[in-house]
Structures are given as structure tokens and as C-alpha cells.
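The next block holds one structure in the form of C-alpha cells; read it before the comments.
The values are calculated or read from the model by the stated rules, or taken from the named source; none is laboratory data. Computed from a predicted model, the values in this text were never measured in an experiment. Because the Cβ atoms are built from the backbone with ideal geometry, glycine has one as well, and the counts that use them run over all protein chains shown.
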Amino acid sequence: MQKALIARCPMGVFAFSEAGELIFYRLFSRNPAQALADFMSKAPLNEMKDYDVREDDLFIRKNMRQYAVNLGFCADEGEFNAFISRFCALLSSENLKGSVGRDRLIIQASNALEDLNKVSSLLLERLYEWYTLHYPEIRLDRKQLMESVIKYGRRENFPSFRSSSGAPLSDSDESVVVEYSRMIKEISGREKILEKYLKASVKEMMPNFSSLVEPMLASRFLAHAGSLEKLARLPSSAIQLMGAEKALFRHLKNKKKDKSPKFGIIFMSSWVQNSKEKGKAARLLSSKLMIAAKIDFYSGRDESERLKKELVEETKNL
């Protein structure tokens, strides 16, 4: 069986003998966009089924412009340069489309949820300070106060109201504070929608990692790392201290004054919280998270049950 060297380039597909003789070619469209589609399709060459083929673009790289003119793909080298310039721009744009993985989208959603949590807490605190000027005797937490203001409005409408030393509210004052409370409640509703999306997305993309820690905590690990690939490359010690970088740097700078941190955001895991030996639990959990991240990124296999079983065995005496 004869051997052939197959080369695919922006203007077409070419086959050469081992001596460099052109034995077959198929030209793409002169339209750069259509040529890119042909180039990306990588359709099989049925015409070469009787040959032993392998890919090698050495011969076409050396004589590409010459073949473009001689085979009638373009009139001269200037026209070919214009075609190549446009083709490369389209190819770069196409490659960029796949450069942003879903993990980056999840990270942005996680950061957005964190921003919403901060904003919601700030607004609730402002509502408490605002409304207690009117009703300082009220004994409700921030969220309960929000719900009560929406339901009752001014203090006189509260079932438990007797008297107050606070400032009275006019109709316009009451209307504004109730609308403010409704706005906070709407933001809280958006938080729940975003949280539901995050939980589902993290479980789908990181089934092993999110089986060892709560999905919302898994999204925080992902956001701190910057991408699933970066998380998969981290050693267990870095995962254990993720979120405690400032404390670690203080320890490295002042070893005598500041103790080395034992954990970062991993402390929020129920495995660590429910353990008497929290430092050891964090170390064991981080080693399993390291393995889980690598499986999620490099293979995508679901080994969550095995990893959870091993973690239970290793931490049951802690």
C-alpha cells in the first residue's frame, strides 16, 4: 500500500507522496468564513482510502503561496495574503469562543451571590436603624423586622404595640419605609434563585468535590482558585488554607507572634465543624478534596460514593 502525507491548510486539503510530489488536493472556498468552516470540519478523504496516510504539513508549509497561485486559488500573493489575514482573524475568534469554560460562569455567579449577600445585610441593617427611630422597643431580628414592616407598616398596627418613645411616622414616611422593606425582600428572593442555580451547576460540574463539602462551599473553593483547572492542580495543603492567605503571610512574616493558621474556608464544612480534632479533620478533608478536584477536571468520573466512604472511615475517630 502506497504511503501519503496529508496536510490541511486554510486553502484546502493536500496529499503528498513521501518524495514531496502532490498526488491529490481539494481546495476550499475563497470566502474566508466558508474556508474556516471547511477547515474545522475535518471531513474524511474518501479519495485516499487506498493509501496509508499520516498527517504532515511540511511540504505545504514550504510552498503554500506557490500552490495557491499555480492551482488558481488566488490571482497573486497579495490576494492570498489578504485571504490568510482574514482567515486567521476568524480562526482566532473561533478559538476564543471555547476559552471560557463553565467554571468561569459559575465563579461569576458565586461572586454575584456574595455581593448580593453583602448588599442584603447592609440594607437590613439600614432598615433596622431607620425603623427603630420610630419603634425602638421592638424586639425582632433584621429579617423578622423586614417582614413585619411589610405586613403592618407603622408601629400602631403591630399586634404587640402598647406605647413607644420613638418618633411618629407620617403617611409618606410609612410608604417609603414599607417600599424599602419590599425591595430588600425582592433582593432576598433573587439570592435564593441564584443559590439554587449555583447548587445545581456545581453538582453537575464538580460531582466528586461537591459530595464532600456543601455545594455552596464548593463554589467558594472554585471562586478562590479561579478555575477548576487551577483547583485541580493545588496540593492538599493549599486547599486546606484557602481563604486564610492573610493569616499565613502574617505568620511567615512574624513567626514568633502569629501562629500558623490550620484552616481557611474549609472550616465551614460540616466535617470540620462536627469534629473534636478540627485541625486533623481539615487535613484529611483537604486531601480528599484534592483527589476529588483532579477527578472532576481530568476524567469527570463520578467516584463520590467511594470518596465519601473513605472520608467517613478516616474521620470517624476524630
Helices (runs of 4 or more DSSP H) completely within the range 189-277 that count 1 or more residues being among the acidic types (D, E) and touching a residue at least 24 places away in the same chain (Cβ under 8 Å): 228-232
Quick check: anything in the range 164-180 farther than 19 Å from F297 by Cβ and under 17 Å from the mean Cα position of the chain (by Cα)? no
Any chance the range 279-286 includes a residue that's more than 12 Å from F209 (Cα to Cα), at pLDDT below 90, out of contact with any Lys or Arg (no Cβ under 6 Å at 6 or more places or on another chain) and not in a loop (DSSP other than H, G, I, E, B)? no
Would you point out which residue out of A167, A200 is over 22 Å from L116 (Cα atoms) and either in contact with a helix residue (DSSP H, G or I) (Cβ under 8 Å, 6 or more places away or on another chain) or of a type in the set (A, V, I, L, M) (or both)? A167
Return the only residue of E305, E313, E229 being in contact with a Phe, Trp or Tyr (Cβ under 7 Å, 6 or more places away or on another chain), charged (D, E, K, R), modelled with pLDDT of 85 or more and exposed (fewer than 14 other Cβ atoms within 10 Å of the Cβ). E229
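Matching residues to (1) out of contact with any Asp or Glu (no Cβ under 9 Å at 6 or more places or on another chain); (2) farther than 30 Å from Y128 by Cα; (3) not assigned by TED's automatic domain parsing to the domain that holds L116:
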| position | (1), (2), (3) |
| --- | --- |
| S163 | no, no, no |
| K192 | yes, no, no |
| I239 | yes, yes, yes |
| K259 | yes, yes, yes |
| K262 | yes, yes, yes |
For K199, only one of the following conditions fails: (1) closer than 20 Å to S299 by Cα; (2) surrounded by fewer than 17 Cβ atoms within 10 Å (Cβ to Cβ); (3) under 14 Å from the mean Cα position of the chain (by Cα). What is its number? (1)
Regarding the range 68-81, can at least one residue be identified that is farther than 30 Å from L231 by Cα, free of Cβ contacts under 8 Å to residues at least 24 places away in the same chain and β-branched (V, I, T)? yes
Working carefully through the options S270, S275, S219, find the one that is more than 21 Å from the chain's Cα centre (by Cα), surrounded by 13 or more Cβ atoms within 10 Å (Cβ to Cβ) and among the polar types (S, T, N, Q). S275
Go through the residues of the range 9-32 one by one and say whether even a single one is farther than 16 Å from Y67 by Cβ, surrounded by fewer than 19 Cβ atoms within 10 Å (Cβ to Cβ) and touching a residue at least 40 places away in the same chain (Cβ under 8 Å). no
Could you please let me know if I150 is touching a Ser or Thr at 6+ places or on another chain (Cβ under 6 Å), at pLDDT 95 or above and among the β-branched types (V, I, T)? yes
State which residue pairs qualify: first residue free of Cβ contacts under 8 Å to residues at least 24 places away in the same chain and inside the range 135-152, second residue of a type in the set (D, E) and in a helix (DSSP H, G or I) in any location, beta carbons under 7 Å apart, and separation of 6 or more residues or different chains. R142/E125
Looking at (1) basic (K, R); (2) closer than 13 Å to I107 by Cβ; (3) more than 14 Å from the chain's Cα centre (by Cα), can you tell me which one K185 breaks? (2)
Evaluate the range 173-184: report whether one residue or more is modelled with pLDDT under 95 and loosely packed, with under 15 Cβ neighbours inside 10 Å. no
All positions within the range 94-137 that are of a type in the set (S, T, Y) and more than 21 Å from the chain's Cα centre (by Cα): S120, S121, Y128, Y131, T132, Y135
